[in-house]
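Visitor: I have a structure I would like to understand better, so I am pasting it below and will then ask my questions one at a time.
The values are calculated or read from the model by the stated rules, or taken from the named source; none is laboratory data. Here the structure is a predicted model, which means the values were calculated and not measured. Counting neighbours? That spans all protein chains shown, and the Cβs are built from the backbone with ideal geometry, glycine included. Heavy atoms of the whole protein, side chains included, go into the accessibility calculation; ligands, DNA and RNA do not. Shrake-Rupley method; radii C 1.70, N 1.55, O 1.52, S 1.80 Å.
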Amino acid sequence: MYPPGGQRQPEMDFEQVTARFREGLGRFGGRFGGSGVVLFIIGILVLGIIVWAGTGVYTIGPGENAALRLFGAAQLNPVTQEGLHWWWPTPVGKKDVVLVTETRRMELGFRSNANGANSPISSEALMISGDLNIVDVQMVVQYNIKSLNDFLFRVDDPGEQTRDIPLGRPDGRTLTDAAEAALRLVVGQRSIDDVLVRNREDVEENTKIRLQEIMDSYHSGINIETVQLQDVKAPEEVRDAFDDVLRARQERDTRINQARAFEADIIPRAEGDAERIKESAEAFRQARIARARGEAEQFKAVLAEYQSSREVTRQRLYLEAMEQVLPGVSKIIISPEAETVLILGEQEGLTPIPIGPQP
């Protein structure tokens, strides 16, 4: 039978090839003797062993680990040191070099396409909240590898073709199902308002904690870095009503923020006015206290003078009181024992008049 587009190719005769090989060995043995054939075979074997051993050299780059197996049994600790290493080649040993620090992504409730568009998956996204409302939740999980041996050898996973996850890796269906279970558990314990608006951060944090607990219970070797809610919305049939509620809440929050801004503006000013009034009252109090103390000291001084010379002090106090009672009025005081007339206040035409005979 001829191949299409060409003539028949001559078939290889295995017996002829074997005969030619034996003929070559015979000539080689005749030239070097029987020991030469042995040395030639040993040399070929040694060269083959060297080439085989050379295939065991491998490189660990930044952020990579190598999981080693010997006769199918995984070694206890993976290789983490960067640089060149050697391990038994196939079929004696095997090695898996994996970038463990890489942040990987898992999508729940949707799948992103190459052109940037998202395709929703209702079977994963629709769930019931704690107040018996249906909510459509899309979530992204970011993770990395914290234990390479557990990641490669502890979980038998069917993989996930949509994310190019091969068989046996726990970040396939295992991670997807665990993330869906954790999210449904958290959403089922909260009202739809918490999931839509109020406490999305708490929902993300609690989902992350639950998901990490599930993956640790499987010994998956996966570390959950972040859990982010993407598009959280009500079902299409009641979305308009929920949008009205959200707009009303946003308006309410706006009014509350305006009131808080007014409060933040008016309270400092009122507190400033109160402090000024307090300072003014304190100054008035200090002034009154100082004046009262001064008057008390003055009274004590007058009292001391009065106790030392009562008549003179009494007369002086009387005259000072008359000055205060009748200000601006000329006053003439005549004492029976005095030899002169005392005139208080300056007036034209009034002069002191001596009392009694002149010397």
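Visitor: Being open to solvent by 60 Å² or more (accessible area, probe 1.4 Å), under 30 Å from Ile121 (Cβ atoms) and basic (Lys, Arg) narrows it down to one residue among Arg293, Arg247; which is it? Steps first, please.
Guide: Working: Arg293 fails: under 30 Å from Ile121 (Cβ atoms).
Of Arg293, Arg247, the one residue that is open to solvent by 60 Å² or more (accessible area, probe 1.4 Å), under 30 Å from Ile121 (Cβ atoms) and basic (Lys, Arg) is Arg247.
Visitor: Mind telling me which of the residues Asp150, Asp157, Asp131 ends up being in contact (Cβ under 8 Å) with a residue 24 or more places away in the chain and within 21 Å of Tyr218 (Cα to Cα)?
Guide: On the way: Asp157 fails: in contact (Cβ under 8 Å) with a residue 24 or more places away in the chain; Asp131 fails: within 21 Å of Tyr218 (Cα to Cα).
After ruling out the rest, the residue left standing is Asp150.
Visitor: Confirm whether Arg285 is under 40 Å from the mean Cα position of the chain (by Cα), of a type in the set (D, E, K, R) and surrounded by 10 or more Cβ atoms within 10 Å (Cβ to Cβ).
Guide: On the way: under 40 Å from the mean Cα position of the chain (by Cα): no; of a type in the set (D, E, K, R): yes; surrounded by 10 or more Cβ atoms within 10 Å (Cβ to Cβ): yes.
No; evaluated as a whole, the condition is false for this residue.
Visitor: Name every residue in region 209-227 that is in a helix (DSSP H, G or I) and either closer than 19 Å to Val100 by Cα or open to solvent by less than 60 Å² (accessible area, probe 1.4 Å) (or both), in order of residue number. Can you show your working first?
Guide: Step one: filter region 209-227 for residues in a helix (DSSP H, G or I), giving 209-217.
If the condition is that a residue be in a helix (DSSP H, G or I) and either closer than 19 Å to Val100 by Cα or open to solvent by less than 60 Å² (accessible area, probe 1.4 Å) (or both), then Leu211, Gln212, Ile214, Met215, Asp216 are the ones that fit.
Visitor: If we scan region 133-145, do we find a residue that is in a loop (DSSP other than H, G, I, E, B) and under 28 Å from the mean Cα position of the chain (by Cα)? Step through it out loud before you land on a result.
Guide: Kept after step one, since they are in a loop (DSSP other than H, G, I, E, B), are these residues of region 133-145: 133.
From what is left, the residues that are under 28 Å from the mean Cα position of the chain (by Cα) are none.
Looking for residues that are in a loop (DSSP other than H, G, I, E, B) and under 28 Å from the mean Cα position of the chain (by Cα), one finds none in region 133-145, hence no.
Visitor: Give me the residue from region 76-131 that is β-branched (Val, Ile, Thr) and farther than 23 Å from Phe151 by Cα and, out of that set, least open to solvent (accessible area, probe 1.4 Å).
Guide: Kept after step one, since they are β-branched (Val, Ile, Thr), are these residues of region 76-131: 79-80, 90, 92, 97-98, 100-101, 103, 121, 128.
So of that shortlist, the ones also farther than 23 Å from Phe151 by Cα come out as 121, 128.
Values: Ile121: 45, Ile128: 104 Å².
Among those that are β-branched (Val, Ile, Thr) and farther than 23 Å from Phe151 by Cα, it is Ile121.
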